[in-house]
1. Could you list, in sequence order, all residues of segment 266-281 that are closer than 18 Å to Ala23 by Cα and touching a residue at least 40 places away in the same chain (Cβ under 8 Å)?
2. Return yes when Glu84 is closer than 19 Å to Lys8 by Cβ and either within 17 Å of the chain's Cα centre (by Cα) or open to solvent by 10 Å² or more (accessible area, probe 1.4 Å) (or both) and no when it is not.
3. All but one of (1) in contact (Cβ under 8 Å) with a residue 12 or more places away in the chain; (2) open to solvent by less than 10 Å² (accessible area, probe 1.4 Å); (3) under 21 Å from Lys327 (Cβ atoms) hold for Met229; which doesn't?
4. Restricting to segment 59-77, give me the number of residues that are under 22 Å from Ala179 (Cβ atoms) and touching a strand residue (DSSP E or B) at 6+ places or on another chain (Cβ under 6 Å).
5. Six or more apart or on different chains, Cβ under 8 Å: which pairs go from a residue in segment 326-343 that's more than 14 Å from Tyr251 (Cα to Cα) and hydroxyl-bearing (Ser, Thr, Tyr) to one that's open to solvent by 50 Å² or more (accessible area, probe 1.4 Å) and modelled with pLDDT of 75 or more? Could you list them?
6. Failed condition for Lys285, given (1) open to solvent by 40 Å² or more (accessible area, probe 1.4 Å); (2) among the basic types (Lys, Arg); (3) over 30 Å from Tyr17 (Cα atoms), with all others met?
7. Taking segment 182-194 as the search range and keeping residues that are of a type in the set (Ser, Thr, Tyr) and not in a helix (DSSP H, G or I), which one is most open to solvent (accessible area, probe 1.4 Å)?
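The values are calculated or read from the model by the stated rules, or taken from the named source; none is laboratory data. Computed from a predicted structure; not experimentally measured. Cβ: placed from backbone, ideal geometry, glycine included. Neighbour counts: every protein chain shown. Note: accessible area is taken over every heavy atom of the protein model, side chains too, but ligands, DNA and RNA are not part of it. Shrake-Rupley method; radii C 1.70, N 1.55, O 1.52, S 1.80 Å.
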Amino acid sequence: MNRLLDVKDLHVSFKTYGGEVSAVRGVEFHLDKGETLAIVGESGSGKSVTTKAVMRLIPNPPGYIKHGEILFDGKDLAKLSEKEMQKIRGKDISMIFQDPMTSLNPTMTIGKQIMEPLLKHQKLSKTDASKRAIELLKLVGLPSPETRFKQYPHQFSGGQRQRVVVAIALACNPKILIADEPTTALDVTIQAQILELMKDLQNKIDTSIIFITHDLGVVANVADRVAVMYGGQIVESGTVDEIFYDPRHPYTWGLLSSMPTLDTDTGQQLTAIPGTPPDLMNPPKGDAFALRSEYALKIDFEEQPPTYKISDTHFVRSWLLHPDAPKVEPPEAVKLRQRKMPSNYEEPVLIEEVHA
């Protein structure tokens, strides 16, 4: 497939009065043309910081890209100046933020806000930009687009405002669309509508999507591949089927076990992952998840695990995949999933040594 984005060994830190926070630690992933990559994990795992680094939206100070490459269209975005990034942001790479109300300017009409990227990046005349803005309002399913064009954000419902934000993000037909938890602030019914809209628009304008979420139910419906983040690192990545039906990292097991299914009894208590995420001002020496994992080995507290290759698309950072590690059974909720879909089991292959 045609690779659009390749992030290599990305480190992002924030300098604070208390010390340096290592928010992203050696993240690597890629995005191919036409695919949707979901990045999942708890709050504080580094999902949003990673994608904001791709957009070069990390406020400096206090944040900065400490190390790594962000390769897009033959350029390393990490090395571009702010002026060069302004030509890419909104045109080639767009972003949808979590809360549509804070993403829109309350003092400007919706039409003017959609026209902005068209005037800046597409160099359209005001007449052509207004026509295109009305077309975009139609495209995202807003009724009476000519009337809506002249209205302000407060005259729209939450779901309608998010549709407007989607229209702005898609105005210049970007190659990559980053959606940072775009449905979290919406109710369940509107969430489903926005997700359906994004899938439909992706096919129409042939864009690739990075979808950030903590909701695994959303992932199953929208993603082709999934990257599971914890403690500023990607601990497991694979196709949707590999992550849902053949997970290998204890953190992924925990996330899946805490997600209700149609088989979950009404009075059944859901599993919760004990403890809290690590303090990234003092990153753990070994596996960041060790303190919260019932499967942790002695080496997990001493050295970061290497990366093991399960298949051409499935990679896991866990000492449990070492040939000398004891064999452990995943939680019952995960085993139930594995029984629903046969897995082509392959012996893991060590591909990368990782040291603290």
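1. Taking segment 266-281 as the starting set, the residues that turn out to be closer than 18 Å to Ala23 by Cα are 276-281.
Pro277, Pro278, Leu280, Met281 - these are the residues of segment 266-281 that are closer than 18 Å to Ala23 by Cα and touching a residue at least 40 places away in the same chain (Cβ under 8 Å).
2. Values: closer than 19 Å to Lys8 by Cβ: no; either within 17 Å of the chain's Cα centre (by Cα) or open to solvent by 10 Å² or more (accessible area, probe 1.4 Å) (or both): yes.
When the stated conditions are applied, Glu84 does not pass them.
3. (3)
4. First pass over segment 59-77, keeping only residues under 22 Å from Ala179 (Cβ atoms): 59, 63, 65, 70-73, 77.
In the following step, the residues that additionally are touching a strand residue (DSSP E or B) at 6+ places or on another chain (Cβ under 6 Å) were identified as 63, 65, 70-72, 77.
Of the residues in segment 59-77, 6 are under 22 Å from Ala179 (Cβ atoms) and touching a strand residue (DSSP E or B) at 6+ places or on another chain (Cβ under 6 Å).
5. Sorted first by the residue in segment 326-343, then by its partner, the pairs are Ser343/Tyr245.
6. For Lys285, the failing item is (3).
7. That would be Thr184.
Quick grid of which residues meet (1) crowded, with 18+ Cβ neighbours inside 10 Å; (2) under 19 Å from Met95 (Cα atoms); (3) modelled with pLDDT under 90:
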site: Lys120; (1), (2), (3): no, yes, yes
site: Lys126; (1), (2), (3): no, no, no
site: Leu142; (1), (2), (3): yes, no, yes
site: Glu146; (1), (2), (3): no, no, no
site: Gly159; (1), (2), (3): yes, yes, yes
